[in-house]
Every structure is written in C-alpha cells, then in structure tokens.
1. Has the range 53-70 got at least one residue that is buried (at least 16 other Cβ atoms within 10 Å of the Cβ), among the small types (Gly, Ala, Ser) and either in contact with a helix residue (DSSP H, G or I) (Cβ under 6 Å, 6 or more places away or on another chain) or at pLDDT below 95 (or both)?
2. Out of all the residues in the range 2-41, which are within 19 Å of Met138 (Cα to Cα) and either surrounded by 14 or more Cβ atoms within 10 Å (Cβ to Cβ) or of a type in the set (Phe, Trp, Tyr) (or both)?
3. Which condition from (1) out of contact with any Gly (no Cβ under 9 Å at 6 or more places or on another chain); (2) under 19 Å from Lys76 (Cβ atoms); (3) among the hydrophobic types (A, V, I, L, M, F, W, C) is the one that Ala29 breaks?
4. Here are the criteria: (1) assigned to a loop (DSSP other than H, G, I, E, B); (2) under 30 Å from Glu22 (Cβ atoms). Tell me which single one Val122 does not satisfy.
5. Go through the range 97-119 and count every residue that is in contact (Cβ under 8 Å) with a residue 60 or more places away in the chain, of a type outside the set (A, V, I, L, M, F, W, C) and assigned to a loop (DSSP other than H, G, I, E, B).
6. Report the residue count in the range 109-130 for those that are crowded, with 17+ Cβ neighbours inside 10 Å and either hydrophobic (A, V, I, L, M, F, W, C) or touching a Pro at 6+ places or on another chain (Cβ under 9 Å) (or both).
7. Give the residues of the range 4-42 that are over 11 Å from the mean Cα position of the chain (by Cα), part of a helix (DSSP H, G or I) and among the aliphatic types (A, V, I, L, M), sorted by residue number.
8. Scan the range 103-146 residue by residue and report those that are over 27 Å from the mean Cα position of the chain (by Cα) and within 30 Å of Thr33 (Cα to Cα).
Amino acid sequence: MNLFGMLGVSRSALTAERMRAEVVTANMANAETTRTEEGGPYRRKLVVFRSQEPTSFPHIMNARLASSGAEEAGVKVAGVVEDPAPPEMRFEPGHPDADAKGFVAYPNIEPVKEMADLMGAVRAYELNSSAVQATKQMIQQAIDILR
C-alpha cells in the first residue's frame, strides 16, 4: 500500500469513529426517553464496523486512481443496530407512560458503559488522527528527498 492509501484507511477509520461517538452521545441524550415515535422507550443503538478491502484488480486500480469512487481498504460502518436488551422497568404509577400495573419502561442504557464506549471512540479517533499526521510527515520527507 502506498502512502496515499494509508491516508484513505485512516480517513475511513476517522469517519467510522465519528459515527460511533455520535451514536453513543445520542444514547446518552435519550437515557430517560420513555416514549418514541415508534412507540415504547428509546432503544440503545450500537455501531457495527466491518473491514473493507478491494478484492479485484480493477477495484484496486480504480481506488488508486480515485476516479470512480471505488471502495478503498479501510473501515466501513456496516450499520447501526438496536441493542436487543429488554427495557428497564421502574415502578412509577403517576407517570403518563406507566402501564396498568404502574411500571414505566425506560431505556436499558448504563451511563458508565456509554462513557467507556465514548472514551474508546475518542481515543481511536485520536490515534487515527496521529496516523494521518505521521503519514503527512512521511510524504513531506519524501518530497524533501526528491528536491
């Protein structure tokens, strides 16, 4: 892989980690949301990543030429899925969303787990940003050698 390909991999990872941080912050913002447009409490969201590698010679050449928007090697967000964990039930008979027994369904969101996920996303973003800086320095040094 050439230096510009390394920039593409880091770019895709930066984009994926930014999406992960956005989803985590949405989870934290909706930790007490008991009613959504779909009905029921907010469901915790999770980002699913997958590796992305061009598999055929034409894809590799197109990615190198960057003329057709072909897939480059890197990280891709495969999707955002809902956590299958059941909601947390709290006894609050006066709440407008309480069921017949007085229980309210709250999102199953743990602030500590969300903060750990956010810290992981931020740290991965920082590391990929450092990789971009290192690659830029290598490119600059290669240019300086050619002068």
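The values are calculated or read from the model by the stated rules, or taken from the named source; none is laboratory data. All values reported here derive from a predicted model rather than from experimental measurement. Please note: Cβ atoms are built from the backbone with ideal geometry, for glycine as well, and neighbour counts cover all protein chains shown.
1. Yes.
2. Matches in the range 2-41: Phe4, Gly5, Met6, Leu7, Gly8, Val9, Ser10, Arg11.
3. Answer for Ala29: the failing condition is (2).
4. It fails just one condition, (1).
5. Residues that pass the stated criteria total 3.
6. Qualifying residue count, the range 109-130: 4.
7. Correct list: Met6, Leu7, Val9, Ala26, Met28, Ala29.
8. Phe103, Val104
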